[in-house]
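Accompanying notes for the structure given below.
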Amino acid sequence: MKGVPSRKIGVFVCHCGKNIAGIVDVKRVVAAVARLPYAAFVTDYKYMCSQPGQDMIRDKIKEEKLDAVIVAACTPNLHEATFRKAGAEAGLNPYCVEMANIREQCAWVHQGDKEAATRKAVEIISSMIQKAALDNPLSGDSIAITKRALVIGGGVAGIQAALDIADAGYEVVLVEREPSIGGHMAQLSETFPTLDCAQCILTPKMVAAGAHPRIRIMAWSEVREATGFVGNFKVKIERKASGVDWTKCTGCGICMEKCPTTVASEFDRGLGKRKAIYSPFPQAVPNKPVIDRQHCLHYTKNKCGICKKLCEVGAVDFDLNPEIVEEDVGAIIVATGYDLYPTERLGEYGAGKIPDAIDSLAFERLLSASGPTAGEIRRPSDGKIPETVVFVQCSGSRDPEKHKPYCSRICCMYTTKQAMLYKHSVHNGQAYIFYIDIRSGGKNYEEFVERAQSEGVVYIRGKVSRIFQNGDKVTVMGVDTLAARPVRIDADLVVLAMAMVSRSTTEELRKILKIITDANGFFTEAHPKMDPLGTTTRGIYLAGCGQAPRDVPDTVAQASGAAGKVIGLFSHDRLPLDPMIVCVDEELCAGCGLCVSVCPYDARELDVKRKKAIVKEALCKGCGACMVACPNSATIHRNFSKKQILKMIDAVI
Amino acid sequence: MKIAYYPGCTLKADARHFEESAIESFRALGIELEELPRWNCCGTVFSFATDNVMYHLAPVRNLLRVREQGKDTVLTLCSMCFNTLKRANKLFNEDAEKRDKITGIMDNENLVYDGKTQVKHALELLRDEIGLQSLREKVGQGLKGVRLAPYYGCMLLRPDGLGIDDAENPTLFQDVLRALGAEAASYPFQGECCGAYQTVMQPEVVGERTYVLVDGARRSGADAIVVSCPLCAFNLDQRQGIAGRLHSDFDAMPVFYITECLHLALGLGFKEEWKRLHHVPVDAFLEKLHRSQNVAGAVKRQRSNIRE
C-alpha cells in the first residue's frame, strides 16, 4: 500500500490483576488482535507495569525488532510515562509507545457485560494500532528556566513557601495584598491542639521572610497580569498607592499616633479601631503604614495633613501613584488563603445584625492578647464579660441547599480551642458547642476534644435553627438530637463558626493565571491524589486555603511541598518541551489567522510579513483546537494527524 | 383589572371576613376578584407521598380551571391554598413522570392542563401589581397610630424559592403593613410554627405555641397580630383561651387578617358581623385606632386652621 509504512507493532495486554482480566477475556483479546494488520507480536501479562512486565516489553522490542508498542492497560494518565520510558530504554522512540485504555474506558464501565467488554477491548486496541502505524518518532526542544519564584499571598503558606525556596538558594518575590504579611494566622490567639500562641510562632517567620536576602516582599501590591509559561513567566504587579514613600519611612509610627481619623479595624474584625493612616498590627512586616483614602481627611475633604507635617523624614506623599512592576519568574505559587462566609448571609442567625453574635475570627481577636480587649473576653455590645457563650459549628458549611456543601474542616478544632480558652479565662462561664459531628482527625486532635469536655465544655449534637436578640441576651434555639428535644439557650455571646470560602479576588486571579477553580470557587489541583500541589498550568503550584480549607500544620506542610516542587523545577537549567504539539505545513497555510483566534493558550501567532501562521512551541499544549479550525488542513498535530484520527475511527466502525 | 380568584373552603365559612374584606378592598384599589365558576378543595396540604399522585389531582384540577377561564394567573388569599397550588404546579412542570401520570388519570374526562397557571398570593399582588409606594399614597392616614406584628407562619415562605419572600429573613409583610400606615413590629417568631393541625388532637400543644408567639408579639409592643392563613388565625386567636389557662401572665391580643387591615386602612371600615368571627375581642383595638386617627385628624385640622 502506498504511503502506509510497513510497521511491526507489539501489543502487550495487561490483566491489571482482576481489574481487566476479571471482565475482559484477555486470552480472546490476544488471539483476535494477533490477526490484525501490523500486529507483529501480541501477548498478555498479569501486571504489565511491574518490573517483569516492563522487562518483557524491553526484551521483545529488541527481539522482535518492533517499530511501535501498544500497551493495552489503564489510562495514559497513570502509566504512559512509565511505558514510554521503558520503550526508550530499549531504543524505541518514546512517542512510538502508545496506550490503549481498556480499564477505565472498558473493563470498569462494562462490568455487567463481559462479552461486550471483550469485543470493545479488541476495538480499542485495533483503533490504537491504526494510530501507532502512523506515529512519527518525535524529539522535543528545550528552554532555559528563570530560577526565580513568585509567591502570591503572604499568609503562613506564602511565608513558608518563600522561606523554603529562598533557603534553597533561589530568589523569591512575595506579593501581599494587605499592608503586611501574616495573613489570617496573625489574627489568631492560640493554636490547637498545643495552645501555643499564634503570634509567637508566626512572627519569627515573618521577620525571617522580611530579613531574608533572597526574599523581596511586595506588600500592598496585587498581581495584575501574567503571561508566558513554565520557566518563563512575565508578571505585572501593581504596587498600590500607599500615600507613604516606604523607602524613606522609618516606621516610627508618629503619623498613626497623631492621625485624628479613627475607623473600624479590619484586622480586628471591626471590634477595634485603627487610624486612617495605619499598619494593621504592631508586629507588621514590613512595618510601614498606608493611607486609607476612603477615610483620610486629606483625600476626602482636602484638609488635615497632620501626618505629612509630623513625618520627620518626609515620607508621607499624598500624590504617590500606583506603580506597575514587571518581574520575570520561572514558577508561581498561589497562596491566597480564605475569607469567612459573611454572617449577613445567614438570616436565621440574625443576618449579621446582632452585635453579640460574632464570627469566629472576631472571637479570635477577643481572645488575642494583642486584640481590642487585650485578651479579656468582653462582648461587643456593652463590654460585659459573657457568662454563657454558645458556639455554633457548621454555620454555612455542610448546607448544600442554601449555603456551602463542604465541610470547612478546621471549625471543630478551633471551636473546641475557643471554648476551652473561654473557660480558662472565665472560670464560672458556661460554654456550649452545637455540632453535627466532631471531626477531629489529626495528630492529638481527638485528645484535645476530650480535654475540652473534661474541662466542662458542653457539646450539644444538633443544629441551631434560629438566633435572635432577646433583651440583652441572645437567644439560641436549637435541637439536641441525642436527647431528642428542642434546646433554648439565652446566651450572652454567640460565636458562629462561619464557613471558609475562597477569597473574593480568586476569580480575577484565576483569569490572570489561566488556572481552574472548582464549583465552590477554590483553586483546583492538577490531580486530587497524584498531583495535589500542581495546577493544570505547568509551573504554577498551590498552597494553603486557596485550594481548600485546612489547618496550620497542613498548610505549612503543603507550602513546603509546593516549594519543593519549585526547587525541583529550578534544579534543571533547561526544561524539555513536550513534542506532542502542532506544526504548520507552510505550503498549505493561507495565513487566515483562524488558528490564532481559537487557541486557548496564546500559542498561535500570525507572521504578518510572510502571511503564515506559526506555533509558539513552548506554549502549545497540543489540544488540537487549531487543527480542527484550519480550513486548509495546514495545521498538523504531530502524532494526532487527521489521517490518524480517521484511521482510528475506521477501525472501530 | 380583573384577576381569577380561588377562595378555598374556609373563606366560605369561618373566614368569611377574610374574603369579604379582600374583595371590597381590592375593588377599591381597582382590581376585581373574579371567583372561579368551578373549583374544588385545594388539596389542603401538599402531599409528600412519592408513590401516590392522586393527592395532587385536586390542586392540578383547580389550576386547570383557571386556564379554562382563559386566565394565566390565579389569586389566593389563604396561605395554605397558595402553598398547595403552587407546589403542585411546580411538581407538574418539573416532574415529567408524575405529570404524565396525573394527566393520565384525568384522561377520560378529556382534561389536559398545560402547566401555565401562575399562583399569586394577595401580598404579592399588593407588591407587584399595586406597588407599595402607590398603596402608601392611596391609604393616606391609614393605620397610623397602631403597631402590628406580622405573622408569616410556614406556608407563605417555604420551601425556599417558592415563597413570597426570603424564607429566613422575610420583610414583605412588614413592608405592606408600613405601606398601610401602621408601625410594623419586629419579633423573632414571625415564621415559627403555629402548631397547625395539632390543634385537633392536642390543643394544649397549640396553646403553648400560641403563648410563645402572642407573648413575643406583645413584648415587641404590638397591638395586634396580622395573619393570612385561616389555620394560623384559628390557632393564634381561638387558642388564646388555652394559652391563658396555661400561663397566668398571658395577655390576650386580637388577630386580624391582612385584608381586614387593608379594608380599615382604605377607610372602608370594619363590619359588625366580622367581630363575631373573632375570638379575642377587637373593640379595644378599633377604639385605639379610631382615637389615634381622630387625634391625627384634629392635629391636621388645627394646622390647616393656623395656615388659614
So if I restrict to the alpha-carbon atoms in region B:140-297, what is the Rg, and what is Dmax, the biggest pairwise distance, in Å? 15.1, 49
Under a plain spin-label model, where a point goes 7 Å from the Cα along Cα-to-Cβ, how far apart in nm are A:Gln453 and A:His572? 5.2 nm
Hydrodynamic radius by Kirkwood, which averages 1/r over all alpha carbon pairs of region A:242-320, in angstrom: 12.5 Å
If I model a spin label as a point 7 Å beyond the Cα along the Cα-Cβ vector, how far apart are those points for A:Thr247 and B:Ala96 in nm? 6.9 nm
May I ask what percent, to the nearest 5, of DSSP beta bridges between residues of the protein assembly as shown are antiparallel? 45 percent
GNM of chain B, Cα pairs under 10 angstrom: of B:Leu213, B:Leu85, B:Leu246, the biggest fluctuation goes to B:Leu246
What does the convex hull of the Cα atoms of region A:271-423 come to per residue, in Å³, rounded to a whole number? 211 Å³
Please give the helix A:114-133 orientation as an angle from the longest Cα principal axis of chain A, in degrees from 0 to 90, rounded to the nearest 10. 80 degrees
Can you work out the PRE-style zone for B:Val212? Point 7 Å along Cα to Cβ, and I want the residues of region B:171-186 with backbone N under 15 Å. none
Quick one: the Cα spread of chain B along its three principal axes, in angstroms, biggest first? 73, 50, 35
Equivalent ellipsoid semi-axes - Cα gyration tensor, region A:387-509, angstrom: 24, 19, 15
Would you calculate, for chain A, the mean residue ellipticity at 222 nm contributed by helices, counting each DSSP H stretch of 4 or more residues as -39,500 (n - 2.57) and dividing by all residues, to the nearest 500? -8000 deg cm²/dmol
Let's test the formula: R0 of 35 Å, r as the Cβ-Cβ distance of A:Asn632 and A:Lys85. What FRET efficiency results, to the nearest 0.05? 0.40
Residue mean of other protein chain beta carbons inside 10 Å, A:592-604: 0
Tilt of helix A:552-570 relative to the longest C-alpha principal axis of chain A, in degrees (0 to 90, nearest 10)? 40 degrees
Contour minus end-to-end for A:Asn520 and A:Arg224, with contour as 0.36 nm per residue of separation and end-to-end as the Cα-Cα distance? 104.3 nm
Could you compute the FRET efficiency for A:Cys592 and A:Lys616, with r as their C-beta to C-beta distance and R0 at 25 Å, rounded to 0.05? 0.90
Label-to-label distance, nm, for residues given as B:Arg38 and A:Asp59 (7 Å Cα→Cβ offset): 8.6 nm
0 to 90° range, to nearest 10: angle between helix B:96-105 axis and chain B longest Cα axis: 80 degrees
Just the Cα atoms of the protein assembly as shown, one point each, no solvent: what log10 I(q)/I(0) does Debye give at q = 0.05 Å⁻¹? -0.48
Violating pairs (Cα-Cα greater than 21 angstrom) within the set A:Lys27/A:Lys114; A:Lys131/A:Lys529; B:Lys2/B:Lys71: A:Lys131/A:Lys529
Give the calculated FRET efficiency between A:His527 and B:Leu268 to the nearest 0.05, with a Förster radius of 45 Å applied to their Cβ-Cβ distance. 0.05
Which length gain, in nm to one decimal place, applies between B:Asp166 and B:Asn52 when the Cα-Cα distance is subtracted from 0.36 nm times their residue separation? 38.0 nm
Given 0.36 nm per residue, what is the gain on full extension from A:Lys642 to A:Asn302 after removing their alpha carbon distance, in nm? 115.6 nm
Grab the DSSP H runs of chain B that are 4 residues or longer, score each as -39,500 (n - 2.57), total them, divide by all residues and round the 222 nm result to the nearest 500 deg cm²/dmol. -13500 deg cm²/dmol
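Values in this text are rule-based calculations from the coordinates and carry no lab data. What you see is a predicted model; the values in this text were computed from it and never measured. Note that each Cβ is placed from the backbone with ideal geometry, even for glycine, and that neighbours are counted across all protein chains shown.
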